[in-house]
1. Taking LYS144 as the residue in question, decide whether it is of a type outside the set (Phe, Trp, Tyr), in a helix (DSSP H, G or I) and touching a helix residue (DSSP H, G or I) at 6+ places or on another chain (Cβ under 9 Å).
2. For the range 76-98, how many residues meet the condition of being among the small types (Gly, Ala, Ser) and under 15 Å from LEU129 (Cβ atoms)?
3. Is there a residue being out of contact with any helix residue (DSSP H, G or I) (no Cβ under 8 Å at 6 or more places or on another chain), among the hydroxyl-bearing types (Ser, Thr, Tyr) and touching a residue at least 12 places away in the same chain (Cβ under 8 Å) anywhere in the range 211-218?
4. Please state which of the following conditions VAL67 fails to meet, knowing it meets all the rest: (1) touching an Asp or Glu at 6+ places or on another chain (Cβ under 6 Å); (2) farther than 26 Å from ASP149 by Cβ; (3) of a type in the set (A, V, I, L, M).
5. Looking at the range 189-223, which of the residues that are over 16 Å from ALA132 (Cβ atoms) and polar (S, T, N, Q) is nearest to the chain's Cα centre (by Cα)?
6. Please give the number of the condition GLU64 fails out of (1) touching a residue at least 40 places away in the same chain (Cβ under 8 Å); (2) assigned to a helix (DSSP H, G or I).
Amino acid sequence: MKIKNLLLKVKPIKYYVSGKKLLNHPHYVEIQEKNNLEISKKPSRTDIINYLLSLNQNDTSYLEIGVRNPDANFNKIKANKKYSVDPGVEFKPNPVDFKMTSDLFFQKLSANEVLSNKIQFDVIFIDGLHLAEQVDRDIENSLKYIKDDGFIVLHDCNPPSEWHARERYNYRHTPAVDYWNGTTWKAFLKWRFVPSVNSCCIDSDWGIGVLSKKQQIGKNIQSQNSFFEFAVFNNNRKEYLNLIDFESFKGLIKK
């Protein structure tokens, strides 16, 4: 026992033992399993967006907010007209149409300084700054520019744990490691309370939130969880998000 205690005072050994204990902790193992489950879910956000665009037999128009590397999603989108917005913080080459924040883009769009303030999109995909206040503004602005039967799509609406729903991406020494959904879920839940918007969340690719003015994809719910506590959300996520699988979602769509 004395030798063991002495060895545990040696920093490399101490760190190894502590790290092994952490990695084998039931909570850590559980979160790792949730990571693997989310990674395995299909379809991807790209497949869902392309499905929504395929519903329109006429020319389609698509806007993506928060592009980063366009090869990850934007370049795979099948639309007649595609536009992209990103300030270039995370991907320095930033080969997008509008190199600016979404706030500035919508300000310029409203003032008729970019595109046309009469433009209407079939799909707007929001995947920019994953913090509730910004996502909320992006949703509010996007609603002005989607067709009545169009869709707003959001990524990362179904964080599997509090570690995934942390506010700071850079705090990665958690069981969620590099996987981060931010607080997007809070903004999506807020809009689930709005009667004029229909919404649901497809249980795939970390939660694909979908909102529409006219498509009957899910009625609003009464305002609940006013402080947006994650534990309350976690215990009610199916109802709060209107969480459904992709096949069920397709059954709700009026073509």
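1. Values: of a type outside the set (Phe, Trp, Tyr): yes; in a helix (DSSP H, G or I): no; touching a helix residue (DSSP H, G or I) at 6+ places or on another chain (Cβ under 9 Å): yes.
No.
2. Let us first name the residues in the range 76-98 that are among the small types (Gly, Ala, Ser), namely 79, 84, 88.
Then drop every residue that is not under 15 Å from LEU129 (Cβ atoms), which leaves 88.
Total meeting the criteria: 1.
3. The initial filter retains those residues of the range 211-218 that are out of contact with any helix residue (DSSP H, G or I) (no Cβ under 8 Å at 6 or more places or on another chain), namely 212-214.
Subset that is among the hydroxyl-bearing types (Ser, Thr, Tyr): 212.
When the remaining residues are screened for being touching a residue at least 12 places away in the same chain (Cβ under 8 Å), the result is 212.
Within the range 211-218 (the criterion being out of contact with any helix residue (DSSP H, G or I) (no Cβ under 8 Å at 6 or more places or on another chain), among the hydroxyl-bearing types (Ser, Thr, Tyr) and touching a residue at least 12 places away in the same chain (Cβ under 8 Å)), the answer is yes, since at least one residue qualifies.
4. (2) is the only condition that VAL67 fails.
5. Across the range 189-223, the extreme among qualifying residues is SER204.
6. With (1) touching a residue at least 40 places away in the same chain (Cβ under 8 Å); (2) assigned to a helix (DSSP H, G or I) applied to GLU64, the lone miss is (2).
Results for (1) part of a loop (DSSP other than H, G, I, E, B); (2) of a type in the set (Asp, Glu); (3) crowded, with 20+ Cβ neighbours inside 10 Å, shown as yes or no for each residue.
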{"position": "TRP163", "(1), (2), (3)": "yes, no, yes"}
{"position": "ARG172", "(1), (2), (3)": "yes, no, no"}
{"position": "LEU211", "(1), (2), (3)": "no, no, yes"}
{"position": "ILE221", "(1), (2), (3)": "yes, no, no"}
{"position": "PHE249", "(1), (2), (3)": "no, no, yes"}
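Each value in this text was obtained by applying a stated rule to the coordinates, not by laboratory testing. Note that the structure is predicted; figures quoted are calculated from it, not measured. Positions of Cβ are generated from backbone atoms using ideal geometry, with glycine treated the same way; all protein chains shown enter the neighbour counts.
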